[in-house]
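So the structure is just underneath, and the comments pick up after that.
The values are calculated or read from the model by the stated rules, or taken from the named source; none is laboratory data. Because the structure is predicted, anything quoted here is derived from the model rather than measured. Reconstructed Cβ throughout: ideal geometry from the backbone, glycine too, with neighbour counts over all protein chains shown. For accessibility, only protein heavy atoms count, side chains too; no ligands or nucleic acids. Shrake-Rupley method; radii C 1.70, N 1.55, O 1.52, S 1.80 Å.
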Amino acid sequence: MRLVVIGGDAAGMSAASQARKRLGEDDLAITVFERGHFTSYSACGIPYWIGGAVPDRDKLVARTPEEHRKAGIDVRLRHEVVGIDLDRREVVAHDLTGGGETREPFDHLVYGAGAVPVTPEWARVRDAGVFGVQTLDDGQAIHDWLDREPRPRRAVVIGGGYIGVEMAEAMVLRGLDVTLLEKSPQPMAKTVDPDMGALVQKSMRALGVEVLTDAHVDGLETADGRVRAVVTPGGTLPADVVVLGMGVRPNTALAREAGLPVGPTGGVRTDLRMRVEGVEGVWAAGDCVETQHLLTGRPAHVPLGTHANKQGRVAGINIGGGYATFPGVIGTAVTKVCDLEVARTGLTSKEAHAAGFSFVTASVDSTSRAGYYPGAEMMTIKLIAERRTGVLLGAQIVGRAEAAKRIDALAVAAWNRMTVEEMTALDLSYAPPFAPVWDPVLIAARKATEAVHASL
Ligand SMILES: Cc1cc2nc3c(=O)[nH]c(=O)nc-3n(C[C@H](O)[C@H](O)[C@H](O)COP(=O)(O)OP(=O)(O)OC[C@H]3O[C@@H](n4cnc5c(N)ncnc54)[C@H](O)[C@@H]3O)c2cc1C
């Protein structure tokens with residue numbers, strides 16, 4: 001059997017590795033086409049490499065092409081797949097280095113082409129200091145630019161989602177003056193509720209990032225092949241480098257051309273085993289697919305590394321003759337902006353409303369450790385619970401050290417459809433260096449329970 005994989009990162013290489021684990025080279029030949037220079041890299045680590053917290057780019061690479069080849073996976077770097085022929089069951093790839101075209105037949109195909117940054121027409125300028133961030137090659141391009149430019153001083157980040165705020169932090173750490181433009185009234189508007197986003201905004205401003213909200217971009221000014229400014233209705237912002245953080249969309253151009261089914265979110269449609277719906281022997285995983293939101297029952301596109309790895313693994317196990325499923329997501333995510341941690345799970349108020357839920361919210365301020373214990377830091381936890389049933393629909397945390405990972409307890413509760421009242425009795429750990437005697441999660445659950453009772 002021949003397995004061909006398109007995309008050599010989280011989803012694609014997880015699938016290839018899992019399939020290889022189960023089937024030896026005599027039973028399964030595996031070829032991976034990757035148009036970039038790297039395999040199995042952490043795109044998630046790019047902001048921390050650019051910002052300097054991770055000094056060495058190669059630390060972001062979990063497995064090099066050579067390591068994969070040693071494991072019996074034929075990795076073809078700098079090969080871009082330009083066509084999938086489902087009738088002939090082969091892919092067509094261009095060799096971006098040597099030129100020429102390869103046709104590779106397959107019995108199984110994994111489509112793991114990831115996502116592409118949203119790039120408006122005005123931002124499609126090459127070699128001018130304007131960057132989207134998706135692959136390690138993109139990260140390398142920004143890193144090289146910052147190293148090469150004589151004295152870059154001003155960065156404008158367009159878009160205040162998690163990639164935007166992480167890249168803003170990276171630019172601050174590189175010593176640039178940073179302006180972040182966000183079209184919503186506060187940053188991270190899709191991640192957290194407005195009141196929680198306002199805390200992020202306050203913190204970013206305290207770091208020295210100029211945060212301009214309700215901001216729109218008309219275009220860029222360039223001169224001598226370089227970006228010079230970002231043009232907004234309110235004026236022109238000088239810029240030596242522009243980073244786009246306007247979101248990503250599933251990279252499905254090839255899939256659509258080949259006739260693979262694409263759902264309402266724009267991602268390739270698969271079943272729970274990551275088989276592309278209705279197409280024998282074709283699998284898809286990662287940022288290019290849509291999945292199911294387990295709390296709304298609706299299709300969702302949630303492009304995160306945590307899902308890409310799991311989905312790729314599931315595809316590989318199934319290709320290798322095993323059985324595995326990816327049930328869906330509940331929207332758990334975490335990030336930080338310098339020392340401010342931000343986390344969420346489940347639905348935001350806006351998402352809960354859009355899904356048709358009637359709900360109550362409760363917010364509490366508490367500390368990460370016993371108040372008297374050195375290093376205790378403040379955090380805000382907000383819970384969203386269904387009116388009447390009290391089922392936890394969502395949770396958000398904004399705070400400092402040790403705040404964000406508390407979201408995992410809340411994610412388990414939301415995943416298991418616990419009520420906030422049930423959560424008040426959870427046997428969470430306590431000792432003064434780790435939590436107050438009433439963990440902030442428990443305090444929030446108590447307050448949300450009161451809100452649910454008041455709503456009856
Ligand atoms: C700056 C940043 C920070 C992030 N932080 C987090 C985080 O903290 N937590 C988290 O869970 N997620 C995070 N993510 C998201 C995470 O990196 C992605 O969800 C994950 O990389 C998706 O894996 P993937 O394999 O589906 O796609 P990708 O990682 O995008 O890999 C797809 C690969 O396919 C290749 N490719 C595409 N088209 C072709 C073609 N036609 N032929 C050959 N090769 C092709 C691309 O070059 C790419 O290498 C972050 C992403 C970015 C950009």
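Determine whether region 263-273 contains at least one residue that is among the aliphatic types (A, V, I, L, M) and within 29 Å of VAL157 (Cα to Cα). Walk me through it before giving the result.
Going residue by residue through region 263-273, those that are among the aliphatic types (A, V, I, L, M) are 268, 272.
This time we only want the ones that are within 29 Å of VAL157 (Cα to Cα), so: none.
No, region 263-273 contains no residue that is among the aliphatic types (A, V, I, L, M) and within 29 Å of VAL157 (Cα to Cα).
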Can you tell me which condition GLY45 does not meet? The list is (1) near the ligand (Cβ under 10 Å from one of its atoms); (2) out of contact with any Asp or Glu (no Cβ under 9 Å at 6 or more places or on another chain); (3) not in a helix (DSSP H, G or I), and all the others hold. (3)
Name the pairs: first residue in region 247-266 and over 20 Å from GLY305 (Cα atoms) and in a loop (DSSP other than H, G, I, E, B), second residue open to solvent by 40 Å² or more (accessible area, probe 1.4 Å) and at pLDDT 95 or above, Cβ to Cβ under 6 Å, at least 6 apart or on different chains? PRO261/ARG269; PRO261/GLU277; GLY263/ARG269; GLY263/PRO299; PRO264/PRO299
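With a cut-off of at least 2 residues that are within 24 Å of the chain's Cα centre (by Cα), name the strands (runs of 3 or more DSSP E) lying wholly within region 57-128.
Numbers: elements: 73-77, 79-85, 90-95, 101-105, 108-111, 115-117.
Correct list: 79-85, 108-111, 115-117.
In this structure, does GLY263 turn out to be away from the ligand (no atom under 15 Å from the Cβ), open to solvent by less than 40 Å² (accessible area, probe 1.4 Å) and either over 19 Å from the mean Cα position of the chain (by Cα) or among the aromatic types (Phe, Trp, Tyr) (or both)?
Details: away from the ligand (no atom under 15 Å from the Cβ): yes; open to solvent by less than 40 Å² (accessible area, probe 1.4 Å): yes; either over 19 Å from the mean Cα position of the chain (by Cα) or among the aromatic types (Phe, Trp, Tyr) (or both): yes.
Criteria met by GLY263.
Filter region 129-147 down to the residues that are part of a strand (DSSP E or B) and either among the aromatic types (Phe, Trp, Tyr) or within 14 Å of the ligand (Cβ to nearest atom) (or both) and list them by number. Full working, then the answer.
Going residue by residue through region 129-147, those that are part of a strand (DSSP E or B) are 130-132.
Scanning region 129-147 gives PHE131, GLY132.
I need the full set of residues from region 296-310 which are within 8 Å of the ligand (Cβ to nearest atom) and open to solvent by less than 40 Å² (accessible area, probe 1.4 Å), in order please.
PRO303, LEU304, GLY305, HIS307, ALA308 - these are the residues of region 296-310 that are within 8 Å of the ligand (Cβ to nearest atom) and open to solvent by less than 40 Å² (accessible area, probe 1.4 Å).
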For PRO187, the lone unmet condition from (1) within 30 Å of LEU260 (Cα to Cα); (2) within 16 Å of the ligand (Cβ to nearest atom) is (1)
With criteria (1) open to solvent by 40 Å² or more (accessible area, probe 1.4 Å); (2) within 11 Å of the ligand (Cβ to nearest atom); (3) on the phi > 0 side of the Ramachandran plot, ARG89 comes up short on (2)
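Kindly indicate which of VAL217, VAL243 is part of a loop (DSSP other than H, G, I, E, B) and β-branched (Val, Ile, Thr).
On the way: VAL243 fails: part of a loop (DSSP other than H, G, I, E, B).
Residue meeting the stated conditions: VAL217.
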Quick one: count up the residues across region 1-30 that are open to solvent by less than 10 Å² (accessible area, probe 1.4 Å), more than 8 Å from the ligand (Cβ to nearest atom) and closer than 16 Å to GLY312 by Cα. 7
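Scanning for something over 24 Å from PRO185 (Cα atoms), open to solvent by 10 Å² or more (accessible area, probe 1.4 Å), without any contact (Cβ under 8 Å) to a residue 12 or more places away in the chain and among the hydrophobic types (A, V, I, L, M, F, W, C), does region 383-393 turn up at least one residue? Can you show your working first?
Of the residues in region 383-393, the ones over 24 Å from PRO185 (Cα atoms) are 385-392.
Narrowing the set further to residues that are open to solvent by 10 Å² or more (accessible area, probe 1.4 Å) leaves 386-389, 391.
Restricting the remaining residues to those that are without any contact (Cβ under 8 Å) to a residue 12 or more places away in the chain gives none.
No, because not a single residue in region 383-393 is over 24 Å from PRO185 (Cα atoms), open to solvent by 10 Å² or more (accessible area, probe 1.4 Å), without any contact (Cβ under 8 Å) to a residue 12 or more places away in the chain and among the hydrophobic types (A, V, I, L, M, F, W, C).
With PHE326, PHE359 as the choices, which residue is open to solvent by 10 Å² or more (accessible area, probe 1.4 Å) and away from the ligand (no atom under 16 Å from the Cβ)? Full working, then the answer.
Values: PHE326 fails: away from the ligand (no atom under 16 Å from the Cβ).
Within the list PHE326, PHE359, the selection yields PHE359.
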List every residue pair whose Cβ atoms lie under 7 Å apart, where the two residues are 6 or more positions apart in sequence or sit on different chains, the first residue falls within region 430-456 and is free of Cβ contacts under 8 Å to residues at least 40 places away in the same chain, and the second residue, located anywhere, is among the β-branched types (Val, Ile, Thr). TYR430/VAL437; LEU442/THR424; ARG446/THR424
